[in-house]
1. Could you identify the single residue in Ser51, Ser94, Ser77 that is surrounded by fewer than 21 Cβ atoms within 10 Å (Cβ to Cβ), modelled with pLDDT under 95 and either within 23 Å of Asp185 (Cβ to Cβ) or over 17 Å from the mean Cα position of the chain (by Cα) (or both)?
2. Of the residues Glu63, Glu39, Glu78, Glu43, which single one is touching a strand residue (DSSP E or B) at 6+ places or on another chain (Cβ under 9 Å) and assigned by TED's automatic domain parsing to the domain that holds Ser208?
3. How many residues, within segment 66-94, are in a helix (DSSP H, G or I) and under 15 Å from Phe205 (Cβ atoms)?
4. Inspect all residues belonging to segment 182-190 and state whether any of them is of a type in the set (Asp, Glu) and surrounded by fewer than 24 Cβ atoms within 10 Å (Cβ to Cβ).
5. Of the residues that make up segment 328-338, is at least one loosely packed, with under 14 Cβ neighbours inside 10 Å and either within 22 Å of Gln188 (Cβ to Cβ) or among the hydrophobic types (A, V, I, L, M, F, W, C) (or both)?
6. Mind listing whichever residues of segment 335-362 are in a helix (DSSP H, G or I) and closer than 19 Å to Pro29 by Cβ?
7. Does Leu346 satisfy the criteria of being among the aliphatic types (A, V, I, L, M) and either more than 23 Å from Thr160 (Cβ to Cβ) or modelled with pLDDT under 95 (or both)?
8. Report yes if Gly307 is surrounded by 16 or more Cβ atoms within 10 Å (Cβ to Cβ) and either outside the structural domain of Asn161 (by TED's automatic domain parsing) or within 23 Å of Arg134 (Cβ to Cβ) (or both), otherwise no.
Amino acid sequence: MMLEEIKWLRSEFPVVGEMTYLDMAYGNPLATSVMWAMEEYMEAFQRDGVSVARARAYRVLEEVRAKFAALVGAKASEIAFVKNTSEGLNITSSGLRVEAGDNVVLNELEHPNNTHCWNLLREKGVEIRTVPQRDGRVEVGDINAAIDSKTCAVAIASTTNMGFRFDLEKIGAACHEHSALLVVDAVQSLGIEPLDVKEAGVDVFSASAHKGLLGPHGFGFYYCSNEALKDITPPYVAGISYEQAPGTGEARLKDTAARFEYGNYNYLGGHAMVPALGILEKVGVENIYPHCLELADAFREGLNALGVTLLDSPNPEERSNIVAFKVEGRESAEVREEILKREVMLSAHYGDLRASFALFNKMSDVETALDALGKVVGG
């Protein structure tokens, strides 16, 4: 399927009429149907009152839980709602049952928020092993070599925020040989790249909705396999965390991932996810992924022709919809601002530049961005 031929798809995203948007790795523009769903919820909340609107919202959230579970090959019982990626990672790191002498394996390409939470375990005597990068990439063999019988978790991004893709299946297999959990920051890949958590060997993942999942900020998903539930104690709880709450007899946590939920839900975000996930279902992530890769590869070729320095892995299988690069002798933030004046949006990230492609982009966006960059580089 050529996504460029789906006329309704670009009309869902008004931003494409305003600029060339190549910044999905930072955040998605909201689709029109997502905006409408949020407006409808707020109108119903105002019109019907809290109790009626909330009762309806509970049903919507369970619909979203089931739809998202199907998207990643999980059971609905293995999905919890969180507010962002970092919350899910912190639930895991702070709730993981560890002992002094255990270790956690990280790597130098991780987002800081997938390192900060794990470093707190040093206070419990846990060793944090950080696998070094080699020219912007991390060898799977180096990660697997760092795993041993005392490893309790390997924390890793499915795709890093600068576009490097890890082979989760190989890492997951090594984790399970040593009874360690594979904990994944999936925010850059979900909605862009297909994921089957069982096939990939993922035990836990966390992901915000505001990128490839097409949702708003403040809403996210936490996957914890039924098998991994026994290894993670909820670091905080509320009444909804319990099957039978304290004060009503024997206190008993839910035997599902919902035990990690607490307090009121983000009902507005839940309503937004119905059309957001609907778009992904209708288009098919299996179609989105090759589309985005084709655009990213064309952009890479154009960057090479401009003499711009690519920061991608030399291995095509380790590349993604995110293209990191730099213009030698120029400040990335300055280059970004000059390109933005030409109505092309991308990121200046960690001192480098980053373009990231989405389902609504087309080949003419690649051409427009390269033309703008060529004028900036040549100017």
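1. Going through Ser51, Ser94, Ser77 in turn, just one is surrounded by fewer than 21 Cβ atoms within 10 Å (Cβ to Cβ), modelled with pLDDT under 95 and either within 23 Å of Asp185 (Cβ to Cβ) or over 17 Å from the mean Cα position of the chain (by Cα) (or both): Ser51.
2. Glu78
3. Residues that pass the stated criteria total 14.
4. No, segment 182-190 contains no residue that is of a type in the set (Asp, Glu) and surrounded by fewer than 24 Cβ atoms within 10 Å (Cβ to Cβ).
5. Scanning segment 328-338, I find at least one residue that is loosely packed, with under 14 Cβ neighbours inside 10 Å and either within 22 Å of Gln188 (Cβ to Cβ) or among the hydrophobic types (A, V, I, L, M, F, W, C) (or both), so the answer is yes.
6. Those that are in a helix (DSSP H, G or I) and closer than 19 Å to Pro29 by Cβ: Arg336, Ile339, Leu340.
7. No; evaluated as a whole, the condition is false for this residue.
8. no
The values are calculated or read from the model by the stated rules, or taken from the named source; none is laboratory data. What you see is a predicted model; the values in this text were computed from it and never measured. Glycine also receives a Cβ, built like all others from the backbone with ideal geometry; neighbour counts cover every protein chain displayed.
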